[in-house]
1. Looking only at the range 252-289, filter to residues that are outside any helix (DSSP H, G or I) and more than 18 Å from the chain's Cα centre (by Cα); which one of those is nearest to Glu38 (Cα to Cα)?
2. Of all residues being crowded, with 24+ Cβ neighbours inside 10 Å, more than 16 Å from Lys292 (Cα to Cα) and of a type outside the set (A, V, I, L, M) in the range 4-25, which is farthest from the chain's Cα centre (by Cα)? Just the residue, please.
3. Which one is surrounded by the fewest Cβ atoms within 10 Å (Cβ to Cβ), of the residues in the range 78-97 that are more than 17 Å from Ser173 (Cα to Cα) and polar (S, T, N, Q)?
4. Considering each residue of the range 31-87, count those that are at negative phi, of a type outside the set (A, V, I, L, M, F, W, C) and part of a helix (DSSP H, G or I), and give that number.
5. Give the number of residues within the range 202-251 that are of a type in the set (Lys, Arg), touching a residue at least 12 places away in the same chain (Cβ under 8 Å) and part of a helix (DSSP H, G or I).
6. Take Ser85 and decide whether it is touching a Phe, Trp or Tyr at 6+ places or on another chain (Cβ under 7 Å), farther than 30 Å from Lys260 by Cβ, modelled with pLDDT of 95 or more and of a type in the set (Ser, Thr, Tyr).
7. Residues of the range 257-314 being of a type in the set (Lys, Arg) and over 28 Å from His165 (Cβ atoms), which ones?
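The values are calculated or read from the model by the stated rules, or taken from the named source; none is laboratory data. Predicted, not measured: the structure shown is a model, and the values here were computed from it. Cβ: placed from backbone, ideal geometry, glycine included. Neighbour counts: every protein chain shown.
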Amino acid sequence: MSLESFKAAMVLSGSGDALGYKNQEWEYCTSGPQIHKELAELGGLEKIVAELPGWPISDDTVMHIATGEALCTGKSGVELFQEISTKYVECMNDMEGRKPGPTSLLGTGLMKPGSPDGYCIPFNPTGTGCGAAMRSMCIGLRYPKPNQLDDLIAVSVESGRMTHHHPTGYLGSLASALFTAYAVQGKPLQEWGVGLLSVLPKALDYVKSAGKFVKENEEAWSYFGESYKKYLEIRGIADGESQPKFPSNYGVQERDDFYKTLSLDGWAGRSGHDAPMIAYDSLLAVGSDWDKLCSHSMFHAGDSDSTGVIAACCWGIMYGFNGVHEGNYAKLEYRERLENIGVKLYELSGL
């Protein structure tokens, strides 16, 4: 895996966010067909220049940058957790017009970075949102090797529950990090879902060993894995070997309808389990076609920037900037910071 692919992963994650967000307009649109209609009126994806002021990044990329820049320090263990929590609290000063989620705001308000266990917050029965999943792909760039799985689990779980202390929330962080690591490893896509399910027991072991709100976490644990099992059965890839099966008609409206069935509350991609799941579905469906990736993962009813940020990061690892319209990323807000994170994480990854 090349340095260029790490840079593409970080930069295109920001593009996926900005395109899916469209300055709040498309993230909150309840109709994929309406988004595609507006896209056509803009001249199509190839005509979009994702730059300020019309195409800012959202809270997703601001928090992804915070995770990445913390990882770039090279710290580990509790020192790293304190660094991540510090970055999360600091990045809340850069949220004007970016629509941070209420759970992220609550969590960063509760943390006290620097004090003992200051990165820990209480269990949250409603902390099921996608705010942890949308910012954790770079953890898979930092720990991409199979023998780094324990570190990937610990960092994705702890960084995730700094704001979303509920398994449905922070296991989304694990999924985004793990899928990114799988992309780096070149693991076939049809194996990713089964791979995630095989890692969940190890994640639960970690949560038990960490000793924080263990009973509450155990009681809320099952939904995430059960949701993925159902999805893999629908796609015919529960064996981790078969090629995925899609409906003969899987257009914009059909995707809207299907994505909604995956959701916790009727808003596709809003939760920790279905944001990476919709990103995964998009990757399975589109191959190396950037335009199709955007159509499936960014231009749908639901939390389209959060599904887009995850999908585009994994896609960037696999395909680089090949076939991506230059306007979609060349003038992206914070492009340089995203590239720099990609460079540093490539150096730290040991590849």
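1. Across the range 252-289, the extreme among qualifying residues is Asp289.
2. The selected residue is Lys22.
3. In this case the residue turns out to be Asn93.
4. Matching residues across the range 31-87 total 22.
5. Within the range 202-251, residues that are of a type in the set (Lys, Arg), touching a residue at least 12 places away in the same chain (Cβ under 8 Å) and part of a helix (DSSP H, G or I) number 3.
6. Taking the combined requirement at face value, the residue satisfies it.
7. Passing the criteria: only Lys292.
One line per residue, one yes/no per condition, for (1) surrounded by 13 or more Cβ atoms within 10 Å (Cβ to Cβ); (2) aliphatic (A, V, I, L, M):
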{"residue": "Ile35", "(1), (2)": "yes, yes"}
{"residue": "Lys47", "(1), (2)": "no, no"}
{"residue": "Trp55", "(1), (2)": "yes, no"}
{"residue": "Asp59", "(1), (2)": "yes, no"}
